[in-house]
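Here is the structure we will look at, set down as C-alpha cells.
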Amino acid sequence: MPILVMKFGGTSVADLDRIANAAEKVKREVERGYDVIVIVSAMSGKTNELVRWVNETSPFYDAREYDAVVSSGENVTAGLMALRLQEMGVSARSWQGWQVPINTTSAHGAARFESIPRENIDAKFAEGFKVAVVAGFQGLSPEGRITTLGRGGSDTTAVAFAAAFEAERCDIYTDVDGIYTTDPRITSKARKLDRISFEEMLELASLGAKVLQTRSVELAMRYKVRLRVLSSFDETDETSGTIVCDEEEIMESKVVSGVAHSRDEAKITLFTIEDRPGIAAAIFGPLADAGVNVDMIVQNISEKDYDDDHPGAVTDMTFSCPVDQVARAKKAMEEAKAGGKINYEELIIDTDVSKVSVVGIGMRSHAGVAAKMFQALSADNINIKVIATSEIKISVLIDRRYMELAVQTLHDAFGLDRAS
Ligand code: ADP
Ligand code: ASP
Ligand code: MG
C-alpha cells in the first residue's frame, strides 16, 4: 500500500469537533487506498500553557523535566484522534514517541532525530490497521528520557516519518490554505503561492515564518520529501495548497519572493569591552553553554585597532536573541564578568525589537535589493537598528511597534501582491 503522511497542527485539533473534522480527511485518504501515518500537535494553546507552568515552577528549569511536561499535550490528541477514527470504522492505533521509538539526541528542548525504526508500525499495517496516529514533537533520548524537538516540531516529525516510510507525500494541514508571500495575518495583500523552493522556504522559516518549522524544510530538502501545506478547514483535493519543491520545478521567479518577521526579539549590547583576540569566544561561548540562540551579531569598529602598540583598545558588541532567552543571556554575561572572563562597562538590553526580512533566490544575481529595502523603510521613518545579510536574504532589527508596518511596506515595495 502507498503511504501518506498527514500532519494536523494545533488549531486543526483544537477541540473534539476539529479532531472529528481532521479524522474525516484521514478517512477519505484511507478510502483512496493509502495507509496513513497521522502526526498530531497538541490542542492549540496547550503547549504554551505547559511551557508557562514549567517557567512558573522553575525559571531555570531542568530541561529533562521541561520535556516531560511540554510533550504531554500531543499524547492527548494522539489518543483522541485514534479513538475518533475507530468510531468512524477506521482501524487506527496511537503511538507516543517512545513507543515507536522515535530515537533522538539528548539535546532536551531541541532534540534531533537519530532514527525511526519502521518495524512496529509496519507490523501494525501488516495486521490490517489502516492508520498509525503518532504524537508529534516528541522523541526518546539514548538515556531513555522523553525529548522534544523545539517549538513547531510536529512539522519535523511529519517530514521525518515521510522520509522513513518513503511516503508518497507529506501533507501539513494547518489554519491557512498554503504558504503566502508573507504572513496573511499581517497583510490582506499577501498572495498564496502554488509552489515555493526548499531554499526560500528554509530562509522564510528560519527568519520567523512559523508555517513550517525550519528543520522540517531541511529534512524534506535532504530526503526529497514531497511536502505540501494546506488548510484543514477547507475542502481540499490533490491540487490544494502550496508545494515545497526544488527550484527547477518553479516557473515564477521574482527577485524577492517573501517577507518574514520574528516578533519577539531582544537586542543586547556589551558596552566597552576589551578589543583583543578571544573576546568574542569569551562572550559567545558562555551564551551557547547557557542555551541562548544568538542570531545577529555586530561588533563596532574600535577607535584604535588592536595591535601590540594598543593593548588597551575597547569596542562594543551587540547581539540579538529571542526575548524569552534574555534572562539566561544576562545571567551568563554577569557570571562571565564575575569570573573575570570578560569585562564590560554596561549591559544594555532592549526587549522591544522585531526582525523583518526579505527573502528571494533572485537576490543571488540582482543588486539593489538592500538599497530598495532601506529606502522603503526610511520613507516610513522606520529606524534600522541592526542589519544582517546572506546570499538570499536581508534582515533588519527594528522597533517592535513598527513591525507590521514594515512588513506591509516591504511587501508593497517588492510588488509581492502581483503574480509577476
Ligand atoms: P499549526 O498549529 O498548524 O502548526 P502554526 O501557527 O504553527 O500552525 O503555523 C501557521 C501560521 O503560520 C499561520 O496561521 C500564519 O499566521 C503563519 N505564517 C507566517 N508566515 C506565513 C506565510 N508566509 N504563509 C502562511 N502562513 C504564515
Ligand atoms: N505543540 C508543539 C508546539 O506548540 C509542537 C507543534 O505544534 O508543532 O510547539
Ligand atoms: Mg506549527
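The values are calculated or read from the model by the stated rules, or taken from the named source; none is laboratory data. Here the structure is a predicted model, which means the values were calculated and not measured. Backbone-built Cβ (ideal geometry, glycine too); neighbour counts: all protein chains shown. Note: accessible area is taken over every heavy atom of the protein model, side chains too, but ligands, DNA and RNA are not part of it. Shrake-Rupley method; radii C 1.70, N 1.55, O 1.52, S 1.80 Å.
Gain in length, Glu235 to Ala379, computed as 0.36 nm per residue apart minus the alpha-carbon separation, to one decimal in nm? The partial results should precede the final answer.
On the way: separation 144, 0.36 × 144 = 51.84 nm, distance 4.20 nm.
Value of the extension gain: 47.6 nm.
Using the Cα centre of the chain as the reference point, and only Cβ charges (+1 on K/R, -1 on D/E), how large is the resulting charge dipole? Debye, rounded to the nearest 20.
On the way: 47 positive and 64 negative charges, 156 e Å.
Dipole about the Cα centre, nearest 20: 740 debye.
Could you tell me what fraction of 2.2 N^0.38 Å the Cα radius of gyration of segment 200-326 comes to, as a two-decimal ratio?
Numbers: Rg = 21.2 Å, N = 127, 2.2 N^0.38 = 13.9 Å.
Scaled against compact globular proteins, the figure is 1.53.
Less than 15 Å Cβ to Cβ from Ile398, Lys/Arg counted +1 and Asp/Glu -1: what total charge do the surrounding residues give? Please report the intermediate quantities before stating the final value.
On the way: positive: Arg263, Lys267, Lys355, Lys385, Arg400, Arg401; negative: Asp264, Glu265, Asp295, Asp350, Asp352, Asp380, Asp399, Glu404.
Neighbourhood net charge equals -2.
Against the globular-protein guess of 2.2 N^0.38 Å, express the Cα radius of gyration of segment 286-407 as a ratio, rounded to two decimals.
Working it through for segment 286-407, the quotient is 1.27.
Tell me what the chain gives for mean residue ellipticity at 222 nm when only DSSP H runs of n ≥ 4 count, each as -39,500 (n - 2.57), the sum divided by the residue total, rounded to 500 deg cm²/dmol. Before the final figure, lay out the partial values.
Details: 12 runs with 137 residues, N = 420.
Rounded to the nearest 500, it is -10000 deg cm²/dmol.
Given 0.36 nm per residue, what is the gain on full extension from Lys192 to Ala20 after removing their alpha carbon distance, in nm? Mind showing how you got there, number by number?
Working: separation 172, 0.36 × 172 = 61.92 nm, distance 2.70 nm.
Extra length available between Lys192 and Ala20 comes to 59.2 nm.
For Cα pairs less than 8 Å apart in space and 6+ apart in sequence, what is the mean separation divided by the residue count of segment 359-418, i.e. the relative contact order in percent?
This gives 35 percent for segment 359-418.
I need the phi-derived Karplus couplings for segment 133-149: 6.51 cos²θ - 1.76 cosθ + 1.60, θ = phi - 60°, integer Hz, Gly and Pro marked x.
Rounded to whole hertz, the list is 9, 10, 5, x, 6, 10, x, 10, 7, x, 7, x, 10, 6, 10, 10, 9.
Give me the mean projected area, in nm² to one decimal, of the convex hull enclosing the Cα positions of segment 150-208.
Averaged projected area of segment 150-208's Cα convex hull equals 4.8 nm².
Between Ala367 and Glu166, 0.36 nm times their residue separation minus their Cα-Cα distance comes to what?
Taking 0.36 nm per residue and subtracting the Cα distance, the gain is 68.3 nm.
Among the GluC sites (Glu not before Pro) in segment 328-357, which ones are in a DSSP loop with at most 16 other Cβ atoms within 10 Å of the Cβ? Mind listing them?
Numbers: sites: Glu334, Glu335, Glu345, Glu346; in loops: Glu345.
Loop-located and lightly packed - Glu345.
With only alpha-carbon atoms counted, please give the Rg and Dmax of the chain, in Å.
Cα radius of gyration and Dmax of the chain are 23.2, 81 Å respectively.
If you place +1 on the Cβ of every Lys and Arg, -1 on the Cβ of every Asp and Glu, and leave all else neutral, what size is the dipole of segment 213-369 about its Cα centre, to the nearest 20 Debye? Can you show the working numbers first?
Values: 17 positive and 29 negative charges, 72 e Å.
It works out to roughly 340 debye.
With the Cα gyration tensor of segment 36-127 giving a ≥ b ≥ c as the square roots of its eigenvalues, does the rule (a/c under 1.5 for rounded; else a/b larger than b/c for prolate; else oblate) give rounded, prolate or oblate? Before the final figure, lay out the partial values.
Values: a/c = 3.67, a/b = 1.54, b/c = 2.38.
Cα axes put segment 36-127 in the oblate bin.
From the cross-link list Lys224/Lys254; Lys130/Lys224; Lys7/Lys355; Lys267/Lys385; Lys355/Lys385; Lys355/Lys393, which pairs have alpha carbons spaced over 19 Å apart? If you can, show how the numbers build up before the last one.
Working: Lys224/Lys254 24 Å; Lys130/Lys224 25 Å; Lys7/Lys355 28 Å; Lys267/Lys385 9 Å; Lys355/Lys385 10 Å; Lys355/Lys393 12 Å.
Those over the limit are Lys224/Lys254; Lys130/Lys224; Lys7/Lys355.
Per residue, how many Å² of accessible area does the chain show with a 1.4 Å probe?
Each residue of the chain exposes 45 Å² on average to a 1.4 Å probe.
Can you give the relative contact order of the chain as a percent, counting alpha carbon pairs under 8 Å and 6+ residues apart? Show your work: numbers first, answer last.
On the way: 906 pairs, mean separation 58.5, N = 420.
For the chain, the relative contact order is 14 percent.
Ignoring ligands, DNA and RNA, please state the percent of accessible area on the chain from carbon and sulfur, probe 1.4 Å. Walk me through the numbers before you get to the answer.
Numbers: 9050 of 19010 Å².
Accessible surface attributable to carbon and sulfur in the chain totals 48 percent.
Can you work out the Karplus-derived ³J(HN,Hα) for every residue in segment 75-80? Use 6.51 cos²θ - 1.76 cosθ + 1.60 with θ = phi - 60°, whole Hz, and x for glycine or proline.
Coupling constants for segment 75-80: 4, 5, 5, 5, x, 5 Hz.
Can you list residues whose amide H is under 5 Å from Val314's amide H, if they're 5+ apart or on another chain and H is modeled 1.01 Å from N?
Correct list: Asp275, Glu303, Lys304.
Within segment 142-174, name every residue whose backbone N is under 17 Å away from a label modeled 7 Å from Cα of Lys210 along the Cβ vector.
149-157, 173-174
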